[in-house]
Every structure is written in C-alpha cells, then in structure tokens.
1. Which of the following residues is within 30 Å of ASP210 (Cβ to Cβ), in a helix (DSSP H, G or I) and touching a strand residue (DSSP E or B) at 6+ places or on another chain (Cβ under 8 Å): VAL195, VAL117, VAL168, VAL98?
2. Somewhere in region 107-117, is a residue under 30 Å from SER245 (Cα atoms), of a type in the set (A, V, I, L, M, F, W, C) and touching a residue at least 60 places away in the same chain (Cβ under 8 Å)?
3. Given the conditions (1) more than 14 Å from the ligand (Cβ to nearest atom); (2) touching a Phe, Trp or Tyr at 6+ places or on another chain (Cβ under 9 Å); (3) of a type in the set (Lys, Arg), and given that LYS45 satisfies all but one, which numbered condition is not satisfied?
4. Those residues that are among the acidic types (Asp, Glu) and surrounded by 17 or more Cβ atoms within 10 Å (Cβ to Cβ), I need them from region 122-161; list them, please.
5. Could you list, in sequence order, all residues of region 138-178 that are touching a Phe, Trp or Tyr at 6+ places or on another chain (Cβ under 6 Å) and without any contact (Cβ under 8 Å) to a residue 60 or more places away in the chain?
6. Looking only at region 180-222, filter to residues that are over 27 Å from PRO102 (Cα atoms) and aliphatic (A, V, I, L, M); which one of those is nearest to the ligand (Cβ to nearest atom)?
7. Given ALA22, ALA108, ALA2, ALA82, which one is farther than 30 Å from ASP213 by Cα and buried (at least 20 other Cβ atoms within 10 Å of the Cβ)?
8. Residue pairs, Cβ under 9 Å, 6 or more apart or interchain, first in region 233-255 and closer than 28 Å to GLU287 by Cβ, second exposed (fewer than 15 other Cβ atoms within 10 Å of the Cβ) and at pLDDT below 95. List them.
Amino acid sequence: MASKEKYLFYHGLPIPKTAHSAESLKYLETFQVQDDDIFCVTYPKSGTTWMQTILPLLLNGGDLTPVENIISWKRVPWLEAANFASVADKLSSPRAMVSHLPYHLMPASFYSSKAKVIYVARNIKDSLVSSFYFHQMAKFLDDPGTFDEFMDKFLAGQVFWGKWTDHVKSWRNTDLGDRILYITYEEMIQDLREVLKHILHFLGREMSEDALDRVTDHSQFKSMKQNKMSNYSLVSEKFMDKNKSSFLRKGICGDWKNHFSPELEAKFNTVIRKEMEGSGITFLWDEE
Ligand code: A3P
C-alpha cells in the first residue's frame, strides 16, 4: 500500500499530500470550466512539463515571455494542485491547465462545456522508468525500493495517481468527440514540429513558419533543461533531491530497454495485456 504518511487517497487514488489538500480537491470539484479552456491531461511522467512549455508558446504566437519568466506550474497550473485557487484567477483567456485526473473525476462543469483536451500518452514502460527515478528524487513520494519492487507497486497502482492502464482507458472511452486530441510522447520525440502543427490546428490557431521554428526550438529537451522556469532547479532540496536524479532526466524513448530484464518484461507484458484486453486501444509501442 502507498503510505498514509505521504499520500491522500482521492477516490482511492494515492496522491501526494505535499501537492494536494482536501481544500484544493474541493475547489477543483466546483471549478467553473469555460468554453475556451484548454486542458493537457496525462498520466504522470508522460510529458506534462513539456506541454507546460508548449501550450503558452503556441497560445502567445511564439512569444517567449511566459516561458522565460513564469515558473511552469504557475504558467500552466495543475487543476488539482494545492496552489490552483491562488493561480487560477491570474490566468488569461484562453486558460491552459494540466491535469492527472481520470476522465470521471473532472470538475462537473467540464462535461457540458466546450473546453478542449489534449491527451498525451507515453509508452507505459518508459513512464514506469521515469516514475522510478522520480520516486527516488521526490521526497514527498514513497521510496521506490529496487526497480523490481517498484514494478510491483506500479502494476498494483500503488504509485501516485494509480494505474497507467486505468488512466489511459478512462480518457479513451469518452463522448468528447472532436473536443479531444490524442498525441503521444513518442510522436513528439519523432517530429515535434509536426505535432505542434496538429495542436495548432486542433486549437484553431495559425502561426508563421518562423514562430513555429522558434516554438520548436524552445520546446526541445536541451532548451528546457537550461530554463530555470521549466527545469525544476528552483524547487527546494526539501522536496526534491537533485543528486539522485534530474527532473528533466533523459528525455528519450526506449530507456525501458536498459532496465527490464527478459523475465521482468514477460511478467509486465502479461499483466498489462490482460488489463488492456477488450479496450480496443493499441499503440505503436505495443509491437516493440
Ligand atoms: P524522463 O524521466 O524519461 O527523462 P512529466 O512532466 O509528465 O512529469 O514527465 C517527465 C518526463 O518528460 C521526463 O522523462 C522528462 O525528461 C520528459 N520531458 C520533459 N520535457 C521534455 C522534452 N522537451 N523532450 C523530451 N522529454 C521531455
């Protein structure tokens, strides 16, 4: 079980007490979603921070001011975070927000609104590896133990925000129609500029080729790693031990291959295939 010392249990999902409170969860439930709101939804360690850089750049015509001056979690805040009430008022329209909530736990006003959602999925095995290192460095999460031990916790959903499979399934079977765009971390790695064009189209926006080049450049891993407003270097050591891992760690696809033994891979595949059975959801990485 995830520890009661470090986690709140929100509808059964373990979420860190440092980042969420009973008040902030209440605030989220009655939050008034507006028709032009934009949410980027992810299971943790799938590219949330990346989208906290991309969205303001795309929504401001490639102007670098927000990403150079506002810390990522204030510029595109988490809907469910403890600081949300204090930053929500300062967001200018259209508001961009991120969330790890499953579909059925979005604010009541979301469902009848016209707000749009960009859902970013990442290869579950790479999300697991990224989460393993994040659990090592984030002092507000349970110690992950060994990689093998962490895999068991991950498969049982005893990690922050529960199971990857539940999250992905909840956001696939919605009636949001053209209000939701599905993208993957892997597509962003393969051709970021092309994905940015899809996002622009989805948001009904246009951008000059020059501005798009600038956004692409400033959203690259190496640029974000140097940007104090995006790289988590300003977070106190009290919360994150950066000697154990960087927040922007590797930023690649396929790091799982350096961590999974053939035995672990076989065990992992069996569990995940069973959980995804009948969902009709397939990803390119299923073939790997
Ligand atoms: P790794 O730990 O594999 O490096 P989240 O923001 O959802 O917590 O996800 C964090 C993961 O996204 C980390 O993965 C981080 O390095 C990666 N990431 C963030 N910005 C990125 C970028 N510009 N390019 C590639 N990966 C990025």
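The values are calculated or read from the model by the stated rules, or taken from the named source; none is laboratory data. If you're wondering where the values come from, they're calculated on a predicted model, not measured in any experiment. Virtual Cβ from ideal backbone geometry, glycine too; neighbours counted across all protein chains shown.
1. Numbers: VAL117 fails: in a helix (DSSP H, G or I); VAL168 fails: within 30 Å of ASP210 (Cβ to Cβ); VAL98 fails: in a helix (DSSP H, G or I).
Matching residue, one of VAL195, VAL117, VAL168, VAL98: VAL195.
2. Within region 107-117 (the criterion being under 30 Å from SER245 (Cα atoms), of a type in the set (A, V, I, L, M, F, W, C) and touching a residue at least 60 places away in the same chain (Cβ under 8 Å)), the answer is no, since none of the residues qualifies.
3. Failing condition for LYS45: (1).
4. Within region 122-161, ASP126, ASP142 meet the criteria.
5. PRO144, PHE150
6. VAL215
7. That would be ALA2, the only listed residue that is farther than 30 Å from ASP213 by Cα and buried (at least 20 other Cβ atoms within 10 Å of the Cβ).
8. GLY254/GLU288
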